[in-house]
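I'd like to ask you about the structure that follows.
The values are calculated or read from the model by the stated rules, or taken from the named source; none is laboratory data. Here the structure is a predicted model, which is why all the values come from computation and not from measurement. Cβ placement follows ideal geometry from the backbone for every residue including glycine, while neighbour counts extend to all protein chains displayed.
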């Protein structure tokens, strides 16, 4: 794709970019072109955690515009790396709502990681099909995946409960469902999640928008 820096900046900031924004965008694109993605993981076959299990370089293939146009209207070429394009074609990459991701504050890193973790989970439709659910067992594997380091399990569960509350506050789709740390049997805990399916959520958002518009019209009358 060949977007202008103006288009990229407007999409990111929700407003026309400033001169400083253009500079930061150019620097960010340069950095992204040299990013190496390294992922630690849990090897199910070996039953052990592995550092640097997956490593991929060249997140982007970046072509600079021929001139350094201060207006931001020159078009750089931005192409996803081949390995990432293949992952997208094979549906092995989860696409995230950008504005929701940016809504997590700096003090909500655990909540953001949990939100991302849940997005990659397999969800199953429940009942009539308007709701989907999943769950994740609490324990060493989840704590390692989320970068948690607590000496006691109850401390980790308390942190997870706080993270669940933050996710529900940031993402209205989870607020319309349920997300909490619950006990199942004796000594077993899990993160249980329930949310509307995408189809049901689109309809629900449309209904909410119609209600808001009706309220605004009533105020103006």
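Any residue at all in region 31-54 that is modelled with pLDDT of 75 or more, in contact with a helix residue (DSSP H, G or I) (Cβ under 7 Å, 6 or more places away or on another chain) and over 30 Å from residue 156 (Cβ atoms)?
no
Being loosely packed, with under 12 Cβ neighbours inside 10 Å and out of contact with any strand residue (DSSP E or B) (no Cβ under 9 Å at 6 or more places or on another chain) narrows it down to one of 169, 205, 186, so name that one. So that I can check it myself, show each step before the final result.
On the way: 169 fails: loosely packed, with under 12 Cβ neighbours inside 10 Å; 205 fails: loosely packed, with under 12 Cβ neighbours inside 10 Å.
That would be 186, the only listed residue that is loosely packed, with under 12 Cβ neighbours inside 10 Å and out of contact with any strand residue (DSSP E or B) (no Cβ under 9 Å at 6 or more places or on another chain).
Which numbered condition in (1) touching a residue at least 40 places away in the same chain (Cβ under 8 Å); (2) in a helix (DSSP H, G or I); (3) in contact with a helix residue (DSSP H, G or I) (Cβ under 6 Å, 6 or more places away or on another chain) is the only one that residue 104 fails?
Unmet for residue 104, out of (1) touching a residue at least 40 places away in the same chain (Cβ under 8 Å); (2) in a helix (DSSP H, G or I); (3) in contact with a helix residue (DSSP H, G or I) (Cβ under 6 Å, 6 or more places away or on another chain): (2).
Here is a follow-up. Return the total of residues in region 149-174 being free of Cβ contacts under 8 Å to residues at least 40 places away in the same chain and more than 18 Å from the chain's Cα centre (by Cα).
Going through region 149-174 one residue at a time, the tally reaches 11.
Residue by residue through region 63-79, note down the ones that are modelled with pLDDT of 75 or more and surrounded by 16 or more Cβ atoms within 10 Å (Cβ to Cβ).
Within region 63-79, just 78 meets the criteria.
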